[in-house]
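Novice: One structure, pasted below without further comment.
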Number of protein chains: 2
Amino acid sequence: MRIAIASDHAAIGLKAELREYLIELGHEVADLGPASADSVDYPDFGYKLASVVADGTAERGVALCGTGLGISMAVNRNPACRCAVVSEQLSAYFSRDHNDANVIAMGARMIGIEQAKACLHTFLETPFGGDRHVRRVGKLSNPPVSETA
Amino acid sequence: MRIAIASDHAAIGLKAELREYLIELGHEVADLGPASADSVDYPDFGYKLASVVADGTAERGVALCGTGLGISMAVNRNPACRCAVVSEQLSAYFSRDHNDANVIAMGARMIGIEQAKACLHTFLETPFGGDRHVRRVGKLSNPPVSETA
C-alpha cells in the first residue's frame, strides 16, 4: 500500500522505526516529516497527512505525536479521514472492522516500539466489516454544515 | 460545570453510570441520548454533542461508544471540539495539559467503570498547561479550508 507517515518532534524516533518497519513489510512509504527534532506544531503535520489521504495520494496514514491525541484531532478535522488513536491491538482491530479507519494515531511517549508495530500490523491487515457499519462510516464523511469551519 | 454526555446503543450502560457519577460530583448534566438500547448511529450522537460544546451550552462533553473511536471521529469534525479517546488516566491528563481537550471519549467495551470514572475525574480536574500549547490548540480551531466538507 501507499502509506504516508507524519509526526511532531516528540515522535520522530518512533516515526523512523515505523517507516523502516513499513518498508520491510513491502509498502511504499512517504515520510511527510518533520526531518529533525526541532520543535514543531502537530496540527501542521496532521493537516498535511490528512490532505494526502483525502486526495488518494496515500491509501493509509500513520500519525504520531507524544500521546497521539493532538495529531489525531487535526487529522479528524478532514471529513475524508477516519483517524483512530490506539495503544493496543484490539482497538486497532475494531478501528478497521467497525470504523474503516484510514489513519492510525499512536503516542511515542505512551507505548513501546513492539506494541506500536503490532498495532500498525493489525491496522494494515484487518478488513472493514461493512454491513451496518457502512451507513455510520458514510455519516462521518458528511458532517452537518455547522460542524465545519 | 455544565457537562453534556452522549453515546451510542453499545454504551448506554456506561453513560448511565457516568451521568450519576457526574451528578454526585456536583456537575449539571445534560444527557443527549440515546434513551434506549435500540441500535443507533454513533455519528448522529457525536454531532449533537459537538454542537452543544461548540455553542457553549455545555462546557465539556463526554462521548461514549463501543471503543470510543467512532464517536470521537464525529466530534472532532467540529473545529471547536478537541475530543480525546482515552483508556487510562495519563492520556486523560495530557489531553487537558497539552491539548485543552473539551470532550473525552471512552469505549464501553474496552474499559471498566472504575477506570472510566478515574479518567473522567482526571479530565475534569486537570487544567490546560497553556504556554507553547496555546498556539497548537489555536491551529486545531483553524483547519485549512480544504480540510472542511
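The values are calculated or read from the model by the stated rules, or taken from the named source; none is laboratory data. Keep in mind that this is a model prediction, so the values were computed, not measured. Cβ coordinates were reconstructed from backbone atoms using ideal geometry, including for glycine residues, and neighbour counts include every protein chain displayed. Quick note on the areas: whole protein, heavy atoms, side chains included, nothing else; ligands and nucleic acids left out. Shrake-Rupley method; radii C 1.70, N 1.55, O 1.52, S 1.80 Å.
Novice: Name the single residue, out of those in the stretch B:32-65 being open to solvent by 10 Å² or more (accessible area, probe 1.4 Å), in contact (Cβ under 8 Å) with a residue 40 or more places away in the chain and not β-branched (Val, Ile, Thr), that is farthest from residue A:97 (Cα to Cα).
Specialist: B:59
Novice: Hey, another quick one. Hey, any hits in the stretch B:110-132 for a residue that's assigned to a loop (DSSP other than H, G, I, E, B), open to solvent by less than 20 Å² (accessible area, probe 1.4 Å), more than 24 Å from residue A:144 (Cβ to Cβ) and more than 9 Å from chain A (Cβ to nearest Cβ)?
Specialist: The answer is yes, given that some residue of the stretch B:110-132 is assigned to a loop (DSSP other than H, G, I, E, B), open to solvent by less than 20 Å² (accessible area, probe 1.4 Å), more than 24 Å from residue A:144 (Cβ to Cβ) and more than 9 Å from chain A (Cβ to nearest Cβ).
Novice: Restrict the check to the stretch A:56-66 and report whether at least one residue is facing chain B (nearest Cβ under 10 Å) and either modelled with pLDDT under 95 or over 20 Å from residue B:74 (Cβ atoms) (or both).
Specialist: We begin by selecting, within the stretch A:56-66, every residue facing chain B (nearest Cβ under 10 Å); these are A:65-66.
Okay, now just the ones that are also either modelled with pLDDT under 95 or over 20 Å from residue B:74 (Cβ atoms) (or both), so A:65-66.
Yes.
Novice: State whether one or more residues within the stretch B:18-30 are part of a loop (DSSP other than H, G, I, E, B) and in contact with a helix residue (DSSP H, G or I) (Cβ under 6 Å, 6 or more places away or on another chain). Before the answer, list the steps.
Specialist: Taking the stretch B:18-30 first, the residues part of a loop (DSSP other than H, G, I, E, B) are B:25-27.
Next, from what is left, pick out any that are in contact with a helix residue (DSSP H, G or I) (Cβ under 6 Å, 6 or more places away or on another chain): none.
Looking through the stretch B:18-30, none of the residues is part of a loop (DSSP other than H, G, I, E, B) and in contact with a helix residue (DSSP H, G or I) (Cβ under 6 Å, 6 or more places away or on another chain).
Novice: Inside the stretch B:73-99, can you point out the residues that are more than 8 Å from chain A (Cβ to nearest Cβ), among the small types (Gly, Ala, Ser) and assigned to a helix (DSSP H, G or I)?
Specialist: Matches in the stretch B:73-99: B:92 only.
Novice: Okay, moving on. Hey, any hits in the stretch B:108-115 for a residue that's in contact with a helix residue (DSSP H, G or I) (Cβ under 6 Å, 6 or more places away or on another chain) and without any contact (Cβ under 8 Å) to a residue 60 or more places away in the chain? It would help to see each step written out before you state the result.
Specialist: So in the stretch B:108-115, the residues in contact with a helix residue (DSSP H, G or I) (Cβ under 6 Å, 6 or more places away or on another chain) come out as B:108, B:113.
In the following step, the residues that additionally are without any contact (Cβ under 8 Å) to a residue 60 or more places away in the chain were identified as none.
Checked against the condition, which is being in contact with a helix residue (DSSP H, G or I) (Cβ under 6 Å, 6 or more places away or on another chain) and without any contact (Cβ under 8 Å) to a residue 60 or more places away in the chain, the stretch B:108-115 yields no hits at all.
Novice: Still on this structure: Mind counting the residues in the stretch A:133-146 that are touching a helix residue (DSSP H, G or I) at 6+ places or on another chain (Cβ under 7 Å) and either under 17 Å from residue A:4 (Cα atoms) or part of a helix (DSSP H, G or I) (or both)?
Specialist: In the first step, residues of the stretch A:133-146 are kept if they are touching a helix residue (DSSP H, G or I) at 6+ places or on another chain (Cβ under 7 Å); the result is A:136, A:139-140, A:143-144, A:146.
Pick out the ones that are also either under 17 Å from residue A:4 (Cα atoms) or part of a helix (DSSP H, G or I) (or both) and you get A:136, A:139-140, A:146.
The number of residues fulfilling the criteria is 4.
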